[in-house]
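Peer 1: Right, I'll just put the structure down here and ask away after.
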Amino acid sequence: MNEMSTPERRPVEVVKTVNGLEKVVLREIHGCSVEVYLYGAHVTSWKNEHGEELLFISSKEIFKPPKPIRGGIPICFPQFSSLGPLELHGFARNRLWTFDDDPPPLPPDIANKVFTDLILRSTKDDLKIWPHSFEYRLRITLGPGEDLMLTSRVRNTGTDGKPFTFTFAYHTYFSVSDISEVRVEGLETLDYLDNCQKMERFTEQGDSLTFESEVDKIYLSTPTKIAVMDHEKKQTFVIRKDGLPDAVVWNPWDKKAKAMADFGDDEYKHMLCVEAAAVEKPITLKPGEEWRGRQQLSVVNKLLDA
Ligand code: TA6
């Protein structure tokens, strides 16, 4: 279906976008919605029941492969950042995923949820740059209400008897009213690796995080719940994670923003990445083994603590 035609209110719909890319639209009964591009299995939109966008997408984004999409929820796999031999954040975010028509069962879903299952398998070309056969299944679930859950299952499908190792992140870009009005709770007193200071290790102070300059930190072994409070909107995002011990916090601030072609000069004021991740201790899978990593996002219209 063309994006210009009137969509029927089906709970799951596949839409062709301007560049010929396909996206899946999930709609929940109260009017919340999520959009996922097959390109990168990339969530590009998450709207509440009033149709308000909760994720940041750059106004400079052109949705044209092979460039990864700037904003939403990029999947960083099988490598987070440049901590390995692959391109920055691995290749999953710029591959075409397909629908997974026969996913192995997950715990039963309760009423009022809609979901889609996507899959990425290593291709011959991928095996040349990362010589490990894998199957990566991603279930994206919306509801109840505006809760958005991403469940990743990665399996080693190799027949060479060898294990493989990877790092991972859900690189979530939250939309915020004004970065100077944002506070993050749940990461106080933790150790972090500072990517602005050659990955040196530091310990965070006792206060919740606020933002006045570039930040690019990998917090280690964090609690499973983190809160992002937007004081201007009086709104809190709650991130719950499972199988993902670390959490990355990123805002490029003004200089780096200007240096990024697909990011507006002032857009750093309206986004914050808080990323459920597995970075410090890479995940190792023997042949036949499977890893699961889950991120659940909720939004509450008041200021909550973590
Ligand atoms: O998660 C933070 C980070 O690794 C930063 O170092 C920054 O480079 C960012 O991701 C964006 O990466 P990208 O490849 O999407 O430009």
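Peer 1: Which one of the conditions (1) away from the ligand (no atom under 16 Å from the Cβ); (2) touching a residue at least 24 places away in the same chain (Cβ under 8 Å); (3) under 30 Å from residue 179 (Cβ atoms); (4) surrounded by fewer than 19 Cβ atoms within 10 Å (Cβ to Cβ) does residue 50 fail to meet, given that it meets all the rest?
Peer 2: So residue 50 meets the others, but not (2).
This table checks each residue for (1) of a type in the set (Asp, Glu); (2) surrounded by fewer than 18 Cβ atoms within 10 Å (Cβ to Cβ).
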| position | (1), (2) |
| --- | --- |
| 176 | no, no |
| 184 | no, no |
| 189 | no, yes |
| 194 | yes, yes |
| 200 | yes, yes |
| 203 | no, yes |
| 210 | no, yes |
| 214 | yes, yes |
| 218 | no, no |
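Peer 1: Given the residues 62, 69, 75, which is the only one that is away from the ligand (no atom under 12 Å from the Cβ) and aliphatic (A, V, I, L, M)?
Peer 2: Going through 62, 69, 75 in turn, the sole match is 62.
Peer 1: Can you tell me which of 139, 93 is closer than 21 Å to residue 169 by Cβ, within 16 Å of the ligand (Cβ to nearest atom), surrounded by 14 or more Cβ atoms within 10 Å (Cβ to Cβ) and basic (Lys, Arg)?
Peer 2: It is 93.
Peer 1: Something else: Out of all the residues in segment 191-230, which are away from the ligand (no atom under 15 Å from the Cβ) and in contact (Cβ under 8 Å) with a residue 60 or more places away in the chain?
Peer 2: Once the filter is applied, which keeps residues that are away from the ligand (no atom under 15 Å from the Cβ) and in contact (Cβ under 8 Å) with a residue 60 or more places away in the chain, segment 191-230 yields 223, 225, 227, 229.
Peer 1: Next question, about the same structure. Looking at segment 250-263, can you tell me whether even one residue there is among the basic types (Lys, Arg), away from the ligand (no atom under 16 Å from the Cβ) and on the phi < 0 side of the Ramachandran plot?
Peer 2: Checking segment 250-263: not a single residue is among the basic types (Lys, Arg), away from the ligand (no atom under 16 Å from the Cβ) and on the phi < 0 side of the Ramachandran plot.
Here, each number is a calculation from the coordinates, and none is a lab measurement. This one's a predicted model, so the numbers in the text were calculated from it and none came from an experiment. Because the Cβ atoms are built from the backbone with ideal geometry, glycine has one as well, and the counts that use them run over all protein chains shown.
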